[in-house]
Every structure is written in structure tokens, then in C-alpha cells.
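Each remark here refers to the structure printed beneath this line.
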Amino acid sequence: MTPKDEYTLETLRAAGLIDDAIAEKAAFLADEKGMDVSDVLEESGMITGEEITQAIAAHYGMEMVSLRDLDIQQDVIDAMPSDIARRYGVIPVYKRDNELTVAISDPQDMDTLDSLRYTLSFDVVPVVASEREIKSSINLFYSGGGMGRASNALQELTEATIAGIATDETAELFGDAEEATEQDAPIIKLVSLIIIEAFRSRASDIHVEPMEKQLRVRYRIDGVLQEMESPPKRLQSAILQRLKIMANMKIAEKRVCQDGRIQINVMGRELDLRVSVVPSNHGESVVMRILDKESLKLGLPELGFFTDDQQTFRSLIQLADGIVLVTGPTGSGKTTTLYSCLNEINKPDRKIITVEDPVEYQLSGINQVHVRADIGLTFANALRSILRQAPNIVMIGEIRDIETAEIAVNASLTGHLVFSTLHTNDAPSAITRLIDIGVKPFLVASSLRGIMAQRLVRKICGKCSETYKPTEREMRQLGALAGQVEDVELTRGKGCQNCAYTGYSGRIGIFEIFTITEEVQHLIYEQVNSSTMRNKARELGMRTLREDGLRKVIAGQTTLEEVFRVTLGDME
């Protein structure tokens with residue numbers, strides 16, 4: 001039992017709200033179920049959440065507030081950044097001159113109050129509110145638009161679900177609840193709403209993570225995880241089972257990792273969700289990646305290409321043969337870029353075959369092969385077979401080993417155009433990576449046509465953008481590139497309801513395109529290191545990721561902060 005649980009029980013006993021027997025039962029169940037004692041007591045019906053909060057506030061001689069009844073003004077919310085509110089689990093409720101009243105759930109946490117005073121430069125005055133109300137208010141006020149609605153809807157349906165499902169051993173231990181049978185309908189609605197609201201909020205991933213005392217639900221929006229209103233821990237088993245049923249997984253199997261797929265129609269759109277289940281300390285962790293076919297209809301300009309880079313890259317993907325690589329870490333948009341390329345060059349007179357692990361999007365008019373290593377259908381085996389199908393264009397999900405790399409090279413040298421990905425930080429490093437895998441340098445030089453490294457940066461929200469002059473710190477970070485923005489007014493987002501007060505809405509790519517010329521081929525023969533290859537690429541006109549990002553900063557599409565965040569390895 002945590003120190004917070006101990007002082008909660010002590011406070012409630014001192015207030016005469018519970019006796020020693022109830023406290024002992026609550027402590028036992030809290031440890032057994034991985035819940036807070038306050039949640040155990042509240043769900044048992046023995047005591048309300050408001051009574052618990054009142055007792056704690058009275059014990060410490062502090063004011064208690066009900067956040068549900070408060071109309072918190074926007075200027076008060078703006079006084080505390082969202083990351084601070086989420087990090088410390090607090091929310092501002094009043095502001096007067098240099099005094100900021102902040103709702104907290106743990107009056108003993110003096111470290112948090114000291115940190116807030118230092119970070120916010122306000123005289124922080126604490127009041128007490130329940131942890132559940134604080135989390136709900138954070139999601140409401142710091143997740144405007146779709147996120148706020150999602151949080152409210154999830155909270156309302158969660159409460160309805162709790163009401164619609166029989167109380168379990170909590171009621172048996174306290175002996176006050178009637179026994180009833182569990183119903184599936186509320187859980188089905190709750191799980192469906194989690195998915196639907198993720199789509200409405202433009203999330204790319206849904207994370208359902210069992211923690212010690214909570215079932216955490218988070219959405220990844222524009223590459224950043226945001227926490228939603230979490231369902232009670234006691235619904236964990238039912239929610240995870242429902243997700244596994246939807247993904248056609250083995251419900252009884254909880255010891256091994258499983259992969260599955262969910263197909264669902266949301267607001268007239270067909271969505272595919274790639275589902276991964278991994279056993280963890282406190283239950284099975286579920287991650288669902290939302291695959292929206294509409295995102296594949298983007299043209300090269302919508303991906304973030306400026307006209308010059310667009311022409312260069314389009315010339316590469318229109319070649320008759322050779323290898324074109326897209327590089328970058330996981331989550332950098334490589335798959336979306338490759339699929340958008342395939343859509344652009346998919347013509348009736350061309351046969352296109354892909355080999356993927358797994359097939360993320362199902363594309364019309366393209367033959368897609370799903371790798372299954374468990375039955376011997378590896379990348380290499382699949383590639384050998386599909387080359388007998390006489391394709392014009394082949395896409396390989398990823399070059400991972402020498403066998404796959406050699407087949408890709410041979411295919412490119414026999415008249416096929418091959419697209420694939422590699423996990424390297426920049427474009428020139430892909431050459432070194434292929435040689436390290438075991439491909440002979442002369443084969444790399446002969447087959448490779450171009451390499452593009454990419455990252456995703458968040459776009460500035462169009463509803464709350466403002467101009468400003470770059471700070472001295474930003475100029476120092478730019479180094480040799482600082483001269484390009486010295487007399488330029490840059491753009492950033494102030495934060496508004498439309499962008500959940502982040503200042504960003506949507507994402508675009510920044511790119512580093514390396515075209516293989518005869519001069520570069522000679523360097524490959526000589527097996528020069530990555531640094532020498534990178535210097536030569538820049539001499540030949542290649543822009544680095546940071547340089548392309550800076551162009552998009554000057555154009556008002558993103559911020560220096562975003563470019564610095566994703567190009568840490570691209571220092572001048």
C-alpha cells in the first residue's frame with residue numbers, strides 16, 4: 001500500500017467515516033486489485049468521492065473545490081502549460097494578480113508545490129480536489145476540440161458502463177451490493193468509442209496500457225502521446241478481452257505476444273487497425289495503429305515536398321530500373337511516402353508487387369504479399385518467387401539482411417525498379433549500411449539510384465499562429481544556418497481549442513534527397529566512410545534534413561523547436 005493510501009485511510013478513520021474493519025478490507029482489496037483505496041471505497045458505495053476529498057481537505061485545513069461545478073476561465077488555463085499540468089497532475093482554478101490557485105489531490109506533496117512556484121513564477125495557493133476530477137479537467141481544458149469531447153464522452157460512457165456491469169468482489173467484501181450478471185453491451189460501446197474518438201482526434205495510435213493501479217488510455221496525435229480519461233482498473237479484463245475478440249486473437253492466451261487486425265467503419269470511412277498485444281507486469285498491453293487509406297491519396301506536395309525536391313524525387317520514382325531507398329526511424333512516415341509513390345506510378349501498363357511484413361494498407365490494382373516467417377514465407381523466399389511474375393516495380397517493406405539485399409540488387413540490375421526502406425539516420429549512411437550488410441560495393445554503386453531520408457514535424461496551427469523574432473538561443477542552435485533567419489519574422493502557434501493548446505495541427509515531412517551520380521559511384525567503389533560521403537553529397541547540392549526543415553520554418557509551416565527536436569543528429 002502506498003503512503004498516499006495510508007494517510008487516506010488514517011484521515012477517513014480520524015473523520016469517523018470508516019472504522020478499522022472497513023479500512024482493513026479496503027487496504028486488502030487495494031493491494032489485490034491494484035487500485036487506490038479511495039477508488040475501492042467509492043466503488044463499494046460505502047463512501048462518496050466528495051466525502052473523501054472533504055475529509056482530506058479538512059484534515060489539512062485546506063479549501064476543497066468541486067471542479068465539475070467550476071467555470072475555469074481560459075486566461076487561468078493559459079497560465080499553466082499543458083505539459084506542466086499533466087506532469088504534476090494539477091490544474092489552475094483561479095488567478096489574481098501574481099497569485100495562482102491550483103487544485104491538487106495530495107496535500108502532502110510539497111515538492112510539487114515548490115516545483116510549480118519555481119516553474120510558473122506565481123505565488124501558488126493549493127486547494128484540494130479529487131484525483132479523478134483533476135484528470136478529467138486536464139483532459140477537458142488542455143485537449144480542446146475533438147480531444148475534449150473525446151474525454152467527456154469516454155468519461156460518461158465509462159460511468160454508464162460501471163452502472164451496467166455488476167460489482168465484483170468489491171461488493172462481496174463490503175457486503176452491500178446486489179449480485180448481477182455481467183453484460184457485454186456497455187463494454188462493446190466503450191471500446192468502440194475509444195476507437196472512434198481516436199479517429200476524430202486524428203490519432204495515429206491508440207495505447208491501452210495496464211498500470212499498477214489504473215488502465216491508461218493514450219492517443220498519439222501528431223507524433224505526441226496524450227492521455228485520455230482512463231476507465232477504472234476493474235474493467236481492464238473485459239476491455240482487453242473485447243479488443244482481442246475484435247482482432248481475432250486467442251482470448252485465453254495471455255503469456256505470449258499476439259498480432260491481429262481490426263476492420264471498422266468510422267464516419268463513413270473504412271479503417272484498418274493493426275493490433276499488437278504484449279504481456280506486461282500488470283496485464284496485456286495493447287497498441288492499435290490506425291491505418292487510414294485516405295492518407296495514401298496524398299500527392300507529393302501534401303507530403304511536404306517543395307517544388308524542387310518534388311521534381312527530383314519524382315524523377316527517381318519514374319526510372320525504369322534501379323533501387324530507390326527511403327530511410328528514417330520508426331514513425332517517420334516512410335510507409336506513407338512509399339505507398340503514395342506507388343499510387344502515383346500505378347498505371348494499367350505496369351505490374352507492381354509488394355512484399356511486406358505486415359501488409360499495412362490494401363491498395364487497389366497492386367499485388368501485395370504478406371511475409372509469414374512461421375511457414376517459411378520470408379522476404380527472400382517471397383522475392384525469389386515474385387520475380388518470376390514479371391513485375392515492373394517491386395516494393396520491399398524493409399531490407400534487413402544480406403539475402404534480401406542481394407535479391408533486391410539483382411532485381412534492379414535485371415530491369416526492375418525496386419523501392420525499399422532502411423533504418424539509418426541520414427541518406428548517405430544508407431550506402432555504408434548496405435555494404436555493412438554484405439552487399440559488394442560495385443553492386444551498390446551499379447544498382448542504387450537515389451536515397452531519401454525523412455522525418456515528420458508538426459505543422460503550426462492555422463487558427464492561432466503568430467509571428468515573432470527568433471531568440472538568441474535559437475540563433476545559437478542554428479549555428480552556421482543562423483544567417484538565413486537573422487532578419488526574418490518566424491511563425492509559431494499560441495495554442496487554442498482547435499489544436500488542443502499545443503500550437504500544432506497535423507504533420508508534414510522534411511527531406512534529404514541524395515541522387516547517385518557517377519562521382520558518387522566512384523566514392524562507393526573506394527568504400528569511403530559516411531562522413532566523406534555526406535560531405536560530397538552536400539558539395540553536389542544535397543540539402544540536409546535540418547536545412548530543409550529551416551526552409552519550412554521560414555515558409556511558416558513549422559517551428560524551429562520542431563526542427564531541432566527531430567534533427568538532433570544533424571548538427572552543423
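The values are calculated or read from the model by the stated rules, or taken from the named source; none is laboratory data. Computed from a prediction, not measured in an experiment: that's the story for all the values here. For neighbour counting, all protein chains shown are included, and Cβ atoms are generated from backbone atoms with ideal geometry for every residue, glycine included. SASA here: full protein model, heavy atoms, side chains in, ligands and nucleic acids out. Shrake-Rupley method; radii C 1.70, N 1.55, O 1.52, S 1.80 Å.
Which far-off residues, 5 or more places away or on another chain, put their amide H under 5 Å from the one on residue 72, with H placed in the peptide plane?
none
When only the heavy atoms of the protein chains count and the probe is 1.4 Å, how do 542, 110 rank by accessible area, highest first?
Values: 542 10, 110 95 Å².
Reading off the accessible areas and sorting them downward yields 110, 542.
In the neighborhood of residue 13, defined by Cβ-to-Cβ distances under 10 Å, what is the net charge if each Lys or Arg adds +1 and each Asp or Glu adds -1?
So the environment of residue 13 carries a net charge of -3.
Which percentage, to the nearest 5, of the DSSP beta bridges contained in the range 349-484 is antiparallel?
10
What does DSSP give for the chain in terms of the percent of beta bridges that are antiparallel, rounded to the nearest 5?
65
Averaged per residue, what accessible area in Å² does the chain show with a 1.4 Å probe, protein chains only?
Details: 26190 Å² over 572 residues.
Value for the chain: 46 Å² per residue.
Give the ranking of 511, 122 by solvent-accessible surface, highest area first, calculated with a 1.4 Å probe.
Order by accessible area, largest first: 122, 511.
May I ask for the angle, rounded to the nearest 10°, between helix 236-246 and the longest principal axis of the chain, with both axes built from Cα atoms and the value confined to 0 to 90°?
That works out to roughly 30 degrees.
May I ask for the angle, rounded to the nearest 10°, between helix 20-33 and the longest principal axis of the chain, with both axes built from Cα atoms and the value confined to 0 to 90°?
The angle comes out at about 10 degrees.
If I compute solvent accessible area with a 1.4 Å probe over the protein chains, what percent of it on the range 185-309 is carbon and sulfur? Show your work: numbers first, answer last.
On the way: 2740 of 5470 Å².
Carbon and sulfur atoms account for 50 percent of the accessible area of the range 185-309.
Name the shape class, rounded, prolate or oblate, that the alpha-carbon gyration tensor gives for the range 1-86, where a ≥ b ≥ c are the square roots of its eigenvalues, rounded holds for a/c under 1.5, and otherwise prolate holds if a/b is larger than b/c and oblate otherwise.
In terms of gyration-tensor shape, prolate.
What cysteines in the chain have no other cysteine with a beta carbon less than 4.7 Å from their beta carbon?
257, 341, each lacking another Cys Cβ under 4.7 Å.
Given a 1.4 Å probe and the protein chains all in place, what does the accessible area of residue 492 round to, in Å² to the nearest 10?
100
Filter the cross-link list 135/494; 334/536; 25/254; 244/347 down to pairs whose alpha-carbon distance in this structure exceeds 31 Å.
244/347
Averaging the inverse of every distinct alpha carbon separation and then flipping it gives the Kirkwood radius. What is it for the range 185-278, in angstrom units? Intermediate results must be reported in sequence, preceding the final value.
Values: mean 1/r = 0.0723 Å⁻¹.
The answer is 13.8 Å.
Which ³J(HN,Hα) values in Hz, rounded to whole numbers, follow from the phi angles of the range 514-528 under the Karplus curve 6.51 cos²θ - 1.76 cosθ + 1.60, where θ = phi - 60° and Gly and Pro get x?
10, 8, 7, 9, 4, 4, 5, 4, 5, 5, 5, 4, 7, 6, 5
With both bridge residues required to lie in the range 297-399, what share of the DSSP beta bridges run antiparallel, to the nearest 5%?
About 10 percent, rounded to the nearest 5.
Could you run the Debye sum over the Cα atoms of the chain, one equal point scatterer each and no solvent, and tell me log10 of I(q)/I(0) at q = 0.10 Å⁻¹, two decimals?
Debye curve over Cα of the chain, log10 I(q)/I(0) at q = 0.10 Å⁻¹: -0.97.
For residue 250, list the aspartates and glutamates whose Cα falls under 15 Å from its own Cα; do not include residues on the same chain fewer than 8 positions away.
259, 284
Give me the percent of accessible area attributable to carbon and sulfur for the range 339-444, probe 1.4 angstrom.
47
Got a sec? What order do 442, 419 fall in by accessible area at 1.4 Å, biggest, i.e. largest, first?
Order by accessible area, largest first: 442, 419.
Mind listing the long-range amide H neighbours of residue 125? Cut-off is under 5 Å, sequence gap 5 or more, other chains count too, H placed in the peptide plane at 1.01 Å from N.
For residue 125, whose amide H was placed from the backbone, the distant partners under 5 Å are 100, 101, 102.
If you project the alpha carbons of the range 301-432 onto the principal axes, what extent comes out on each, in Å, largest first?
Principal extents (largest minus smallest coordinate, Cα): 44, 35, 28 Å.
Take the Cα gyration tensor of the range 486-530, multiply each eigenvalue by 5, square-root it, and list the three semi-axes largest first, rounded to whole angstrom.
In descending order the semi-axes read 43, 14, 9 Å.
Could you give the spread of the C-alpha atoms of the range 372-487 along their three principal axes, from largest to smallest, in whole angstroms?
Computed over the Cα atoms, the extents are 59, 35, 27 Å.
Quick one: compute a quarter of the convex hull surface over the Cα atoms of the range 1-150 and quote it in nm².
Computed as one quarter of the Cα hull surface, the answer is 9.3 nm².
Quick one: angle between helix 402-413 and the longest Cα principal axis of the chain, in degrees between 0 and 90, rounded to 10, please.
50
Summing -39500 (n - 2.57) over the DSSP H runs of n ≥ 4 in the chain and dividing by its residue number, what mean residue ellipticity at 222 nm do you reach, to the nearest 500 deg cm²/dmol?
Values: 24 runs with 236 residues, N = 572.
For the chain, the value works out to -12000 deg cm²/dmol.
For the range 199-254 and the range 497-566, what is the separation of their Cα centres, given in Å?
Cα centroid to Cα centroid, the span is 35 Å.
Counting C-alpha atoms alone, how compact is the range 67-133: give Rg to one decimal and Dmax as a whole number, in angstrom.
Here Rg and the maximum Cα pair distance are 10.8, 29 Å.
How much of the accessible area of the range 1-110, in percent, comes from carbon and sulfur atoms when a 1.4 Å probe is used?
44
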